[in-house]
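Dropping the structure in here first, questions after.
The values are calculated or read from the model by the stated rules, or taken from the named source; none is laboratory data. Computed from a predicted structure; not experimentally measured. Note that each Cβ is placed from the backbone with ideal geometry, even for glycine, and that neighbours are counted across all protein chains shown. Quick note on the areas: whole protein, heavy atoms, side chains included, nothing else; ligands and nucleic acids left out. Shrake-Rupley method; radii C 1.70, N 1.55, O 1.52, S 1.80 Å.
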Amino acid sequence: MWLLSSYKTRLAEKVDARAWVADYVAPLVDDDGDVLEVGCGPGVLFSEIASRFSRVNAIGFDRSVDRLAEAQRNFTGLSNASSRKGDAHQLPFEDGSFDLVYSRFLVE
């Protein structure tokens, strides 16, 4: 559990989710679009998107069960947010399924 807490703290220190979403996502998102974060980790960013845009369908995708469990806690109460487990090399979505796909902190 310490490792997961440490990861979340480090991520929160690297990015102000509210400001990042306002600067980089808000100009690109339709009010009712579908958004995918590949490598969502603890869900800090896509939870902020779901919170800010109540009609957007925000999906976080990650291979780590532990990080997805943390993401689930972060988007509790947001009916427009969900997460899926899988490998970023083989996304299980049809082409054109999303209005916006992004990744942050996946490749470092």
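Report yes if Arg52 is modelled with pLDDT of 95 or more and open to solvent by 10 Å² or more (accessible area, probe 1.4 Å), otherwise no. Explain how you work it out, then say what you get.
Numbers: modelled with pLDDT of 95 or more: yes; open to solvent by 10 Å² or more (accessible area, probe 1.4 Å): yes.
So Arg52 passes the test.
Evaluate the following for Ala58: is it outside any strand (DSSP E or B) and aliphatic (A, V, I, L, M)?
no
Hey, another quick one. Under 6 Å by Cβ, and 6 or more places apart or on different chains, what pairs join a residue from region 86-105 that is touching a residue at least 40 places away in the same chain (Cβ under 8 Å) with one that is open to solvent by 60 Å² or more (accessible area, probe 1.4 Å) and not in a loop (DSSP other than H, G, I, E, B)?
Here the result reads Leu100/Leu28, each pair linking region 86-105 to a residue that is open to solvent by 60 Å² or more (accessible area, probe 1.4 Å) and not in a loop (DSSP other than H, G, I, E, B).
Another question about this same structure. In the list Asp66, Asp87, which residue meets the criterion of being among the charged types (D, E, K, R), more than 21 Å from Asp16 (Cα to Cα), assigned to a loop (DSSP other than H, G, I, E, B) and out of contact with any Asp or Glu (no Cβ under 9 Å at 6 or more places or on another chain)?
Asp87
Tally the residues that are part of a loop (DSSP other than H, G, I, E, B), open to solvent by 10 Å² or more (accessible area, probe 1.4 Å) and out of contact with any strand residue (DSSP E or B) (no Cβ under 7 Å at 6 or more places or on another chain), restricting the search to region 23-49.
The qualifying residues number 3.
What is the number of the single condition among (1) more than 16 Å from Gly39 (Cβ to Cβ); (2) of a type in the set (Lys, Arg); (3) touching a Leu at 6+ places or on another chain (Cβ under 9 Å) that Lys85 does not meet?
(1)
How about region 76-102: which of its residues are loosely packed, with under 14 Cβ neighbours inside 10 Å and closer than 20 Å to Asp30 by Cβ?
Listed by number, the residues that qualify are Ser79, Glu94, Asp95, Gly96, Ser97.
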